[in-house]
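Encoded as C-alpha cells, the structure appears first; notes follow it.
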Amino acid sequence: MSVSLLSFCGSLRAASSNLALLTAAERLAPEGLSIERYDAIAELPHFSPDLDTQDRLPAIVRELRDRVAAADGLLFAVPEYMHCLPGSFKNALDWMVGCTRFPGKPVALAHVSDRHAFAPGQLEEVLRTMSAEIVAEAGFSLGLRTNDVTADRICGDSHLAGIISDGLERFRARLAHVCY
Ligand SMILES: Cc1cc2nc3c(=O)[nH]c(=O)nc-3n(C[C@H](O)[C@H](O)[C@H](O)COP(=O)(O)O)c2cc1C
C-alpha cells in the first residue's frame, strides 16, 4: 500500500538548506511513499482565534487543514532563529491546531544540522501539546556544518542520501503498519 506525506519547510529563504533537504527527500522517496510539499506558509494570515470560526475562517487555512487531514504523515524541516522556531512556521502550527485530524498525526522531524540547541526541543514540545505522534525512529539529521547546500549535492552524496532514504523508509514502514 502507498502512504502520503505532507512536508513543511520552516525557512522562507530561496536557497534554504531545509528546502534542499525536503526536495532531496522527494527525489529519494522509496516506493510506496509519496511526498507533497506545503508551500504557502508565507501566505497564511497571522493566527487569530477571531478568524478561527465557521464564518470567518480564511480559505487558505481551510485548505491547509484539509491537506493536513488527508496526509498519512507530516515531515518537518525547520531551522532555528534567535533560539526559537521561525515565526512564520509557528504561525502555521497555530493554524493547524484547529485541524480535527491533527491529534495522533504521525510526524517526523528532519534536520540539516545538529547545531540548533533550542528550536528542535521547542518543536517537539509544541507537537506534543498538539497531541501529534512524533515518530522518533523516522527522524534524522544530515549533520551538516553549512547551510550552503543543494538538493543535487545531497542526492549526489551517498552518505547523505542514505540518511534520508533510511529515515523515509522507517517512516513508510511505520505508516503502512498504522494504516493496515
Ligand atoms: C536572524 C537569524 C537568526 C538565527 N539564529 C540562530 C540561532 O539562534 N541558532 C542557530 O543555531 N542558528 C541560527 N541561525 C542560523 C540559521 O538557523 C541557519 O542559517 C539555517 O540554516 C537557516 O535555514 P535555511 O538554510 O533553511 O534557510 C540564525 C539565522 C538568522 C538569519
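The values are calculated or read from the model by the stated rules, or taken from the named source; none is laboratory data. If you're wondering where the values come from, they're calculated on a predicted model, not measured in any experiment. No Cβ is skipped: glycine too gets one built from the backbone with ideal geometry, and neighbour counts run over all protein chains shown. Quick note on the areas: whole protein, heavy atoms, side chains included, nothing else; ligands and nucleic acids left out. Shrake-Rupley method; radii C 1.70, N 1.55, O 1.52, S 1.80 Å.
Scan region 1-41 for residues that are open to solvent by 50 Å² or more (accessible area, probe 1.4 Å) and more than 20 Å from VAL112 (Cα to Cα) and jot them down.
If the condition is that a residue be open to solvent by 50 Å² or more (accessible area, probe 1.4 Å) and more than 20 Å from VAL112 (Cα to Cα), then MET1, SER2, GLU31, SER34 are the ones that fit.
Only one of (1) of a type outside the set (Phe, Trp, Tyr); (2) surrounded by 12 or more Cβ atoms within 10 Å (Cβ to Cβ); (3) in contact (Cβ under 8 Å) with a residue 40 or more places away in the chain is not met by VAL61, so which one is it?
Going through the list (1) of a type outside the set (Phe, Trp, Tyr); (2) surrounded by 12 or more Cβ atoms within 10 Å (Cβ to Cβ); (3) in contact (Cβ under 8 Å) with a residue 40 or more places away in the chain, VAL61 breaks only (3).
Please pick out the residue among VAL68, VAL78, VAL3, VAL97 that is among the aliphatic types (A, V, I, L, M) and free of Cβ contacts under 8 Å to residues at least 60 places away in the same chain.
Values: VAL68 fails: free of Cβ contacts under 8 Å to residues at least 60 places away in the same chain; VAL78 fails: free of Cβ contacts under 8 Å to residues at least 60 places away in the same chain; VAL3 fails: free of Cβ contacts under 8 Å to residues at least 60 places away in the same chain.
Just a single option satisfies the conditions, and that option is VAL97.
Restricting to region 98-119, what's the tally of residues that are in contact with a Phe, Trp or Tyr (Cβ under 9 Å, 6 or more places away or on another chain) and within 16 Å of the ligand (Cβ to nearest atom)? Show your work before the answer.
We begin by selecting, within region 98-119, every residue in contact with a Phe, Trp or Tyr (Cβ under 9 Å, 6 or more places away or on another chain); these are 106-111, 119.
Okay, now just the ones that are also within 16 Å of the ligand (Cβ to nearest atom), so 109-111, 119.
So the count comes out to 4.
Just for helices (runs of 4 or more DSSP H) wholly inside region 85-180: which have at least 2 residues that are open to solvent by less than 50 Å² (accessible area, probe 1.4 Å) and aromatic (Phe, Trp, Tyr)? Outline the logic, then answer.
Numbers: elements: 87-96, 119-129, 151-156, 158-179.
Of the helices (runs of 4 or more DSSP H) lying wholly inside region 85-180, those with at least 2 residues that are open to solvent by less than 50 Å² (accessible area, probe 1.4 Å) and aromatic (Phe, Trp, Tyr) span 87-96.
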